[in-house]
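Enquirer: Just passing along the structure, written as structure tokens.
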Ligand SMILES: CCCCCCCCCCCCC[C@H](O)CC(=O)SCCNC(=O)CCNC(=O)[C@H](O)C(C)(C)COP(=O)(O)OP(=O)(O)OC[C@H]1O[C@@H](n2cnc3c(N)ncnc32)[C@H](O)[C@@H]1OP(=O)(O)O
Ligand SMILES: NC(=O)c1ccc[n+]([C@@H]2O[C@H](COP(=O)([O-])OP(=O)(O)OC[C@H]3O[C@@H](n4cnc5c(N)ncnc54)[C@H](O)[C@@H]3O)[C@@H](O)[C@H]2O)c1
């Protein structure tokens, strides 16, 4: 229970780091979130290196960025399609790709991670990068649910480590949660806050507490929707319609789950259940586990709670 009741008071450690103007960014993970963040960073004049595990994945990431830029350009340059095409090419020139994070880390002001929601994998990544990146480089995680303090513990730069939690789809969602751990320096926090503003986002300041602000409220809501459905008290279609038309949400909880990715949902819930085993809300869901086991991960695989082909 301590996981959900503890309170961390924010105190900034004294730090050798100065406030950094973030220009060169390495983003690790070219999935939904990493590609979206890369797009927005490149669109706002940052130099971006996008890293993932294979050239094939990176090709897909860049294709996704191009597709999203086309939607942005269609609106932004409605009257001037050739200016729209120029904008797309200019943004894409700011993005390079790599399969080894070591390639870009030495010249990065910020290394931002958006890989799988697994503590050990994130710790291994940052532990390795800590030895490669210069002293001034800030590290940040886009984790949905893991404590930033735990991820940062694999490095020797806990004062230069924070959370930057973006929302999906990144080009459309204005919010960024900027998370300071008790060890994050004021300079690092300011750099991350200013970077979020430079991306055209609206940052809010968060403590390193479970779910930060949005997911602390969103996860119980989503889990209640799942439990309601599992008890047979509402079809997923009716629950989605009800929350869209009755609460004004743009997507119902099952549509949103498919959009986020059911594998990510499961990682979040399994992690919280481990930390708070007595909370029935976080107990394993047979339905969610079955869909993930069948590889039905939502929109990205063509099927989740709903079918998309
Ligand atoms: C029930 C199971 C429970 C399991 C329990 C597990 C619990 C865990 C839950 C926690 C999950 C946390 C995840 C994460 O940490 C935090 C999040 O990110 S939460 C997700 C937040 N996002 C949302 O809530 C999105 C809600 N949806 C919307 O806002 C909209 O639907 C939309 C995505 C913007 C799309 O809009 P629509 O009107 O529906 O559709 P359109 O396609 O017409 O789009 C409108 C408009 O937007 C443009 N657009 C859309 N996407 C993009 C894009 N990627 N790039 C560029 N442009 C885009 C599109 O072109 C349209 O433009 P227009 O035509 O209007 O000019
Ligand atoms: N999906 C969402 O709506 C959402 C929103 C906010 C935050 N997040 C968080 O962002 C992170 C990424 O989520 P996503 O939805 O983009 O996932 P995703 O599955 O779409 O993409 C993850 C990418 O990371 C790559 N990857 C995995 N391990 C790697 C490693 N060691 N090195 C390099 N690349 C690696 C994978 O190949 C994949 O392309 C997670 O921590 C998630 O909790 C997700």
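The values are calculated or read from the model by the stated rules, or taken from the named source; none is laboratory data. Because the structure is a prediction, the values reported are computed rather than measured. Methodologically, a virtual Cβ is constructed for each residue, glycine included, from the backbone with ideal geometry; neighbour enumeration extends over all protein chains shown.
Enquirer: Can you pull out every residue in the range 115-132 that is within 16 Å of ligand 1 (Cβ to nearest atom), part of a helix (DSSP H, G or I) and touching a strand residue (DSSP E or B) at 6+ places or on another chain (Cβ under 7 Å)?
Expert: Matches in the range 115-132: 122 only.
Enquirer: A follow-up question, please. Does at least one position in the range 93-106 carry a residue that is under 30 Å from residue 276 (Cα atoms) and within 10 Å of ligand 2 (Cβ to nearest atom)?
Expert: The answer is no; no qualifying residue exists.
Enquirer: In the range 251-271, which residue that is within 10 Å of ligand 2 (Cβ to nearest atom) and over 19 Å from residue 118 (Cα atoms) is surrounded by the fewest Cβ atoms within 10 Å (Cβ to Cβ)?
Expert: 259
Enquirer: Does residue 274 qualify as being surrounded by fewer than 13 Cβ atoms within 10 Å (Cβ to Cβ), in a helix (DSSP H, G or I) and not assigned by TED's automatic domain parsing to the domain that holds residue 145? Talk me through it step by step, then tell me what you get.
Expert: On the way: surrounded by fewer than 13 Cβ atoms within 10 Å (Cβ to Cβ): yes; in a helix (DSSP H, G or I): yes; not assigned by TED's automatic domain parsing to the domain that holds residue 145: yes.
The answer is yes for residue 274.
Enquirer: Taking the condition more than 27 Å from residue 188 (Cα to Cα) and touching a residue at least 60 places away in the same chain (Cβ under 8 Å), does residue 40 pass?
Expert: no
Enquirer: Let me ask another. Name every residue in the range 281-303 that is assigned to a helix (DSSP H, G or I), surrounded by 14 or more Cβ atoms within 10 Å (Cβ to Cβ) and without any contact (Cβ under 8 Å) to a residue 60 or more places away in the chain, in order of residue number.
Expert: Within the range 281-303, 282, 289, 291, 292, 299, 301 meet the criteria.
Enquirer: Only one of these conditions is not met by residue 121: (1) touching a helix residue (DSSP H, G or I) at 6+ places or on another chain (Cβ under 9 Å); (2) within 10 Å of ligand 2 (Cβ to nearest atom); (3) under 21 Å from residue 168 (Cβ atoms). Which number is it?
Expert: All conditions are met except number (1).
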